[in-house]
Amino acid sequence: MANSAPNPLSPRAALKHYFGYDQFRPGQAEIIDRAIAARDLLVLMPTGGGKSLCYQLPALLAPGVTIVVSPLIALMQDQVAHMVDSGIAATYLNSSLSAAEARSREAALLAGQYKLLYVAPERLLHEGFEPTLSELAHEVGIARLAVDEAHCVSEWGHDFRPEYRQLRTIRQRFKSVPVTALTATATARVQEDIIRQLALEEPYVHVASFHRQNLHYSVRSKPKQLPLEIVRLIREENGGSAIVYCQSRASVDKLAAALQQAGIAALPYHAGMSGEARAANQTAFVRDDAQVMVATIAFGMGIDKPDVRLVIHADLPRNLESYYQESGRAGRDGLPAQCILFFSYGDRSKIEFLIKQKSDPEEQRIARQQLRQTIDYAASLLCRQRVLVGYFGETLERDCGTCDNCLNPVPLEDRTIEAQKFLSCIYRCEQRFGMRYIIDVLRGKSDDRIVRNHHDELSTFGIGKDLTIKQWQALGQALVHQDFTIESTDGYGILTIGDRGMAVLRRELEVKVPQLAPEPEKVAVQRQESETLSEADGELFQHLRKLRKKIADLQAVPPYIIFSDRTLKEMARKQPETLAEFGQLVGVGQKKLNQYGEIFLNALDDFLRRSRVRQPADPTPEAIAPESEFAEPFEGGDSREAAPHPKAQPIVMPEPPEPVAQFIHASETQMETLELHRQGLSVAEIAKARQLKERTIFNHLAQLLAVGERVDIDAIVSAERQRQIFRAIFDVGSYTSLTPIRELLGEEFSFEEIRLVRAVLFGQS
């Protein structure tokens with residue numbers, strides 16, 4: 001029988017004969033030797049690393065049929081077509097075949113005419129296929145079971161499929177049949193789960209480097225006109241193939257249509273389309289009839305297209321494992337390719353909403369940790385490749401040198417002392433807690449949990465008040481990415497100390513991380529200017545000092561850490577109108593420009609507008625429509641383009657800006673609301689008493705604050721929620737729109753309470 005005897009060719013001869021290569025890629029020869037020796041195998045190779053050859057070539061050299069479990073019809077068809085074209089006897093059985101064609105292939109299979117059979121797990125496990133499988137084992141022999149995309153076995157993987165769990169029953173039926181599990185992505189925990197779920201016996205485990213040297217990773221702020229930016233990037237590729245991933249089906253359809261209108265051959269792909277439409281679009285893309293595929297994550301697994309030059313993520317991916325898998329579809333031919341992620345904190349709320357739909361609390365917990373890891377990657381200032389491969393337990397000896405952070409590095413600074421504090425706190429907390437808990441202990445937060453654990457009695461309690469929460473988080477993430485600490489992947493994110501971390505505690509290693517603190521002011525000789533301010537500029541200076549104090553209090557730092565008086569005075573004199581002008585002020589580095597630029601520019605703008613006498617034609621507060629919760633998020637640019645800056649006005653009459661009520665007065669209906677509020681009624685009670693909507697009452701209170709009336713906001717919004725809203729405003733970097741602030745905070749915060757807090761901070765309703 002055709003399959004009864006082994007192939008006389010050696011592995012190297014078969015490589016040349018069937019596949020046309022003279023040399024194996026790194027790791028392939030060792031894997032194939034152990035496959036020929038009938039060992040169980042777990043093979044981790046990045047996309048384009050040559051996984052398929054690790055079971056295809058041994059299948060040709062061994063008697064019997066190798067069964068390949070594959071999750072997608074398209075993957076089966078591509079693989080089989082490629083092998084048949086190379087003279088290899090392979091076939092597949094799936095739902096795309098007619099009943100007659102399936103019976104014909106099964107007959108040929110049982111007659112020994114094939115060396116490889118591709119089949120979906122559902123068909124392999126179906127009771128109707130059991131007689132065929134038994135006869136195949138008895139008459140022809142099953143040489144090996146190869147499980148492709150094996151991460152689907154694990155619930156910890158990025159694409160868990162329950163039917164993959166049942167493959168263990170095949171191993172139990174055919175105990176003598178060796179198994180090869182293959183995947184491009186798997187953390188250490190997923191690897192362990194694959195071995196356990198497939199009952200691999202003393203497997204040979206090969207883990208190739210996850211470092212894809214030809215891929216250039218970058219993260220960019222998501223622009224307001226994202227389609228235009230994507231069009232520009234695609235046109236720069238001069239016809240090269242591209243994949244654009246979106247989070248939702250609606251986004252896919254909208255973006256694909258926009259690209260088509262721009263003259264780009266783009267097609268959509270998502271689960272809402274018919275199977276025929278998806279297959280047709282995929283074929284057009286693989287065959288270069290379409291340049292761009294705009295898709296959800298439903299597209300891409302196993303797609304054998306080596307010349308994708310650009311992979312764009314228009315939305316935040318669910319987890320780093322998914323991102324590595326999806327971005328890894330670029331540059332499979334080894335030539336340079338770009339992987340670009342457009343990042344907006346607003347994407348987080350969308351994913352959190354999807355997480356809340358999960359019924360299993362355990363799944364929710366894991367998904368939230370994975371989301372946080374993805375956000376950490378997007379916000380990181382470290383080498384992108386170092387962070388990515390570190391997620392899979394690999395440490396790069398040096399930075400990649402090609403990602404955005406390597407090409408535009410943030411200066412490093414020695415933070416050994418702070419790292420020792422952080423690691424010591426982990427140790428004294430018995431290595432049983434996550435990052436935020438450790439930071440709370442370091443910053444001296446006396447909450448119930450810390451007190452209950454007696455961690456307020458530790459020597460490390462409160463020794464980290466000199467750094468903000470965000471600075472400690474940045475340091476903690478850097479320690480994880482540089483293998484000083486190890487973060488568990490069980491959803492809890494427990495921190496333990498690695499060998500390198502112990503060396504830091506022993507003072508054997510230094511710790512250098514991207515700058516955490518604001519850059520010190522340059523000491524170079526500056527052009528001398530008068531320190532004397534005019535009366536009007538002096539009032540503006542005091543206004544800016546109050547804003548600086550509010551920000552400093554929220555971050556628990558001295559005000560001069562935000563900006564020096566010298567910077568504020570120069571700000572008051574020059575009154576910059578754009579970010580470029582603001583960046584030229586003394587003491588304003590790039591980090592401060594990014595973090596505070598928009599906030600101080602808006603404060604300047606608001607002050608100068610209010611310090612001019614209002615014209616009679618100006619609308620009253622009642623005529624100004626409150627900001628809609630459906631407003632577009634502010635995504636940069638000059639927010640003052642809609643109206644001329646006060647500097648452009650011909651009449652300038654500086655007046656003290658406070659109280660603002662000298663220019664704008666509360667209306668009669670607003671004062672009625674204020675009177676009831678001062679009587680101690682809640683918002684709901686006021687609304688009921690006045691037969692108005694609660695939203696209207698909130699608007700009244702915000703407008704009352706804006707005109708200088710006293711409102712007891714503590715009775716409406718708790719102090720803790722106020723602090724969270726303040727932090728979100730500064731994290732977003734702008735308060736011109738409520739939408740991005742709420743997206744960062746989450747749906748448990750209302751637009752109304754955000755508007756109130758904003759009015760307290762900035763005097764804007």
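Step by step: first the residues of region 724-765, then only those that are assigned to a helix (DSSP H, G or I) and aromatic (Phe, Trp, Tyr), then the one that is modelled with the highest pLDDT. Which residue is that? Only one residue tops the list, namely Phe751. Of the helices (runs of 4 or more DSSP H) contained entirely in region 200-300, those carrying at least 1 residues that are closer than 23 Å to Ile375 by Cα fall at 226-236, 249-261. Ile312 satisfies every condition listed in (1) under 14 Å from Ala242 (Cβ atoms); (2) touching a Ser or Thr at 6+ places or on another chain (Cβ under 9 Å); (3) modelled with pLDDT of 90 or more; (4) β-branched (Val, Ile, Thr) except (2).
Just to be sure, is Asp315 assigned to a helix (DSSP H, G or I), under 26 Å from Glu743 (Cα atoms) and among the charged types (D, E, K, R)? Taking the combined requirement at face value, the residue does not satisfy it.
Remark: pairs (first residue in region 323-341, at pLDDT 90 or above; second residue part of a strand (DSSP E or B) and among the charged types (D, E, K, R); Cβ separation under 8 Å; 6+ apart in sequence or on different chains) = Ala330/Arg309; Ala337/Arg309; Gln338/Arg309; Ile340/Arg220; Leu341/Arg220.
Candidates in region 647-694 are the residues that are modelled with pLDDT under 85, among the charged types (D, E, K, R) and part of a helix (DSSP H, G or I); of these, the one that is farthest from Ala715 (Cα to Cα) is Lys647. Comparison of Leu15, Leu60, Leu53, Leu72 shows that the only residue that is touching a Gly at 6+ places or on another chain (Cβ under 7 Å), in the same structural domain as Arg196 (by TED's automatic domain parsing) and under 21 Å from Thr91 (Cα atoms) is Leu72.
Conditions (1) of a type in the set (Val, Ile, Thr); (2) modelled with pLDDT of 85 or more; (3) under 30 Å from Ala188 (Cα atoms), marked per residue:
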{"site": "Ser10", "(1), (2), (3)": "no, yes, no"}
{"site": "Gly20", "(1), (2), (3)": "no, no, no"}
{"site": "Ala38", "(1), (2), (3)": "no, yes, yes"}
{"site": "Pro46", "(1), (2), (3)": "no, no, yes"}
{"site": "Lys51", "(1), (2), (3)": "no, yes, yes"}
{"site": "Leu60", "(1), (2), (3)": "no, yes, no"}
{"site": "Gly64", "(1), (2), (3)": "no, yes, no"}
{"site": "Glu106", "(1), (2), (3)": "no, yes, no"}
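Yes or no, residue by residue, for (1) modelled with pLDDT of 90 or more; (2) surrounded by fewer than 17 Cβ atoms within 10 Å (Cβ to Cβ):
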residue	(1), (2)
Glu192	yes, yes
Val205	yes, yes
His216	yes, no
Leu226	yes, no
Glu236	no, yes
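Restricting Lys305, Lys254 to residues that are under 26 Å from the mean Cα position of the chain (by Cα), surrounded by fewer than 20 Cβ atoms within 10 Å (Cβ to Cβ), outside the structural domain of Met83 (by TED's automatic domain parsing) and within 28 Å of Val80 (Cβ to Cβ) narrows the list to Lys305.
Quick check: anything in region 353-361 touching a strand residue (DSSP E or B) at 6+ places or on another chain (Cβ under 8 Å), in contact (Cβ under 8 Å) with a residue 60 or more places away in the chain and either within 30 Å of Arg235 (Cβ to Cβ) or among the hydrophobic types (A, V, I, L, M, F, W, C) (or both)? Checking region 353-361: not a single residue is touching a strand residue (DSSP E or B) at 6+ places or on another chain (Cβ under 8 Å), in contact (Cβ under 8 Å) with a residue 60 or more places away in the chain and either within 30 Å of Arg235 (Cβ to Cβ) or among the hydrophobic types (A, V, I, L, M, F, W, C) (or both).
For the residues Ser52, Ser86, Ser10, the requirement of being within 38 Å of the chain's Cα centre (by Cα) and of a type in the set (S, T, N, Q) singles out Ser52.
Taken over region 112-129, residues that are in contact with a helix residue (DSSP H, G or I) (Cβ under 9 Å, 6 or more places away or on another chain) and part of a helix (DSSP H, G or I) amount to 6. Among the residues of region 272-295, those that are touching a strand residue (DSSP E or B) at 6+ places or on another chain (Cβ under 8 Å) and within 15 Å of Gly239 (Cα to Cα) comprise Ala284, Phe285, Asp288, Ala290, Gln291, Val292, Met293.
May I ask you to verify whether Arg428 is surrounded by fewer than 18 Cβ atoms within 10 Å (Cβ to Cβ), at pLDDT 90 or above and out of contact with any Cys (no Cβ under 6 Å at 6 or more places or on another chain)? Judged against the criteria, Arg428 is a match. Residues in region 514-541 that are surrounded by 16 or more Cβ atoms within 10 Å (Cβ to Cβ), modelled with pLDDT of 80 or more and assigned to a helix (DSSP H, G or I): Asp537, Glu539, Leu540, Phe541. Considering region 478-513, and only residues there that are polar (S, T, N, Q) and not in a loop (DSSP other than H, G, I, E, B), the residue that is modelled with the lowest pLDDT turns out to be Thr485. Among the residues of region 169-190, those identified as in contact with a helix residue (DSSP H, G or I) (Cβ under 9 Å, 6 or more places away or on another chain) and not in a loop (DSSP other than H, G, I, E, B) are Thr169, Ile170, Arg173, Val179, Thr180, Ala181, Leu182, Thr183, Val190. Summed over region 380-415, residues that are assigned to a helix (DSSP H, G or I) and either buried (at least 18 other Cβ atoms within 10 Å of the Cβ) or touching a residue at least 12 places away in the same chain (Cβ under 8 Å) (or both) total 11. Residue selection: Leu371 satisfies the criterion of being closer than 29 Å to Gln213 by Cα, of a type in the set (A, V, I, L, M) and within 11 Å of the chain's Cα centre (by Cα).
Checked against the criterion of being surrounded by 24 or more Cβ atoms within 10 Å (Cβ to Cβ), touching a Pro at 6+ places or on another chain (Cβ under 6 Å) and of a type in the set (A, V, I, L, M, F, W, C), the candidates Ala143, Ala184, Ala150 yield just one match: Ala184. Annotation: Ala81 fulfils all but one of (1) more than 20 Å from Gln28 (Cα to Cα); (2) of a type in the set (Gly, Ala, Ser); (3) touching a residue at least 60 places away in the same chain (Cβ under 8 Å); the unmet one is (3).
The values are calculated or read from the model by the stated rules, or taken from the named source; none is laboratory data. All values derive from a computational prediction rather than experimental measurement. Glycine also receives a Cβ, built like all others from the backbone with ideal geometry; neighbour counts cover every protein chain displayed.
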